[in-house]
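Take a look at the structure below.
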Amino acid sequence: MNNKENRILIGQIDYSNVWPVFHHFRPENLSRKVSMVTEVPSILNRSMLEGSLDLSPISSFAYGLGHENFVLLPNLSVSARSAVNSILLFSKEPLEYVINGRIALTNTSATSINLLKIIIEKAYGGRPTYWNSEPDLTSMMQESDAALLIGDHAIRASWEDHGYIVTDLGEVWKRWTGYGMTFAVWTVQRTFAEQNAELLGEIIDAFTLSKQQSLNDLQPLINRSVEEIGGTPAYWRHYFSNLCYDFLDEQQAGLALYFKYAYEMGLLKTEVPLNIWSDNKLTRVKE
């Protein structure tokens, strides 16, 4: 499927929020040769949609775009039950005063961009002007009333003394809908899943074990975060403890509502079922 060697390609998001699922993942222990491709979400999203990756965590919205060709891996996600601490809107005034203003969007994740659009337009009735930007808060805010940052860019910006109001989109979504938000899901090409069920089971088990080991002992992740990104151990312990890496009924319900709103707003062309791989077969979650 991928190249002359038919090597299996697995994507890896280059953000700290997925580290718990990858930290103890050892592709060399799988029964077949696997290569890891580390990129930002937007590139992994595009690679999965183009079919050049076999399996990857991708933005939830990207699953919505390509759901006919994708299957979700069970009980793996990057979700937040409320505040996520890394999907942040920086603004000069409170959110309700910028909903018709000019908003700079990070160019790194479709899920967060469309979550912001759903919140502003559906929850607040706003009609802002959006523009796309590199994730640099200073330059974004030179021409904007607000700016959206995600991942490690958002985390670093949240530590700065810039005087902006910081709005956590996970917290707003929870307050508005009563659900947590799922920002990324682990997705496999449907044809790969059907042709490699046994290997896929190995991969799922390895990711699940890595997740459990990480959550049982966060210290290695905390140490790595402080070293590579900055901040304090207390910040990172709170950050990782606040995230949810499951994809159970609560997360599925929140994501289904997100897809419903995205479809109603015309952000998605079709309704999106949650197709989840279970016990070496495909099961569709009943809405």
Going through segment 120-152 in order, the residues found to be surrounded by 22 or more Cβ atoms within 10 Å (Cβ to Cβ) and either of a type in the set (Val, Ile, Thr) or part of a loop (DSSP other than H, G, I, E, B) (or both) are Ile120, Pro135, Ser144, Ile150
Does Glu227 qualify as being more than 22 Å from the chain's Cα centre (by Cα) and within 28 Å of Ile8 (Cα to Cα)? no
Condition (residue is within 16 Å of Ser77 (Cα to Cα) and aliphatic (A, V, I, L, M)) applied to segment 233-240: is it met by at least one residue? no
Residues in segment 48-84 that are on the phi > 0 side of the Ramachandran plot and either among the acidic types (Asp, Glu) or not assigned by TED's automatic domain parsing to the domain that holds Val18 (or both): how many? 0
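Does Val166 fit the bill of being hydrophobic (A, V, I, L, M, F, W, C), touching a residue at least 24 places away in the same chain (Cβ under 8 Å), surrounded by 19 or more Cβ atoms within 10 Å (Cβ to Cβ) and under 18 Å from Leu115 (Cα atoms)?
no
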Restricting to segment 229-258, name every residue that is touching a residue at least 60 places away in the same chain (Cβ under 8 Å) and farther than 30 Å from Trp176 by Cα. Ile229, Gly230, Gly231
Could you check, for segment 214-226, whether at least one of its residues is surrounded by fewer than 20 Cβ atoms within 10 Å (Cβ to Cβ), of a type in the set (Ser, Thr, Tyr) and out of contact with any Gly (no Cβ under 6 Å at 6 or more places or on another chain)? no
For the list (1) under 17 Å from Gly254 (Cα atoms); (2) in the same structural domain as Ala123 (by TED's automatic domain parsing), I need the number of the one condition that Pro94 fails. (1)
Ile204 being modelled with pLDDT under 95, closer than 30 Å to Tyr261 by Cβ and in contact with a strand residue (DSSP E or B) (Cβ under 7 Å, 6 or more places away or on another chain): no
Subset of segment 196-233 (residues that are touching a Phe, Trp or Tyr at 6+ places or on another chain (Cβ under 7 Å) and assigned to a loop (DSSP other than H, G, I, E, B)): Leu218, Gly231
Test: Thr167 is out of contact with any Cys (no Cβ under 9 Å at 6 or more places or on another chain), more than 20 Å from Phe25 (Cα to Cα) and of a type in the set (Ser, Thr, Tyr): yes
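Looking only at residues in segment 97-119 that are assigned to a loop (DSSP other than H, G, I, E, B) and either among the hydroxyl-bearing types (Ser, Thr, Tyr) or not assigned by TED's automatic domain parsing to the domain that holds Thr167 (or both), which one is farthest from the chain's Cα centre (by Cα)?
Thr108
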Quick check on Val188: is it crowded, with 21+ Cβ neighbours inside 10 Å, part of a strand (DSSP E or B), touching a strand residue (DSSP E or B) at 6+ places or on another chain (Cβ under 9 Å) and in contact (Cβ under 8 Å) with a residue 40 or more places away in the chain? yes
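From Ser225, Ser214, Ser210, which residue is outside the structural domain of Lys122 (by TED's automatic domain parsing), touching a Pro at 6+ places or on another chain (Cβ under 6 Å) and of a type in the set (Gly, Ala, Ser)?
Exactly one residue qualifies, and that residue is Ser214.
The values are calculated or read from the model by the stated rules, or taken from the named source; none is laboratory data. All values derive from a computational prediction rather than experimental measurement. Virtual Cβ from ideal backbone geometry, glycine too; neighbours counted across all protein chains shown.
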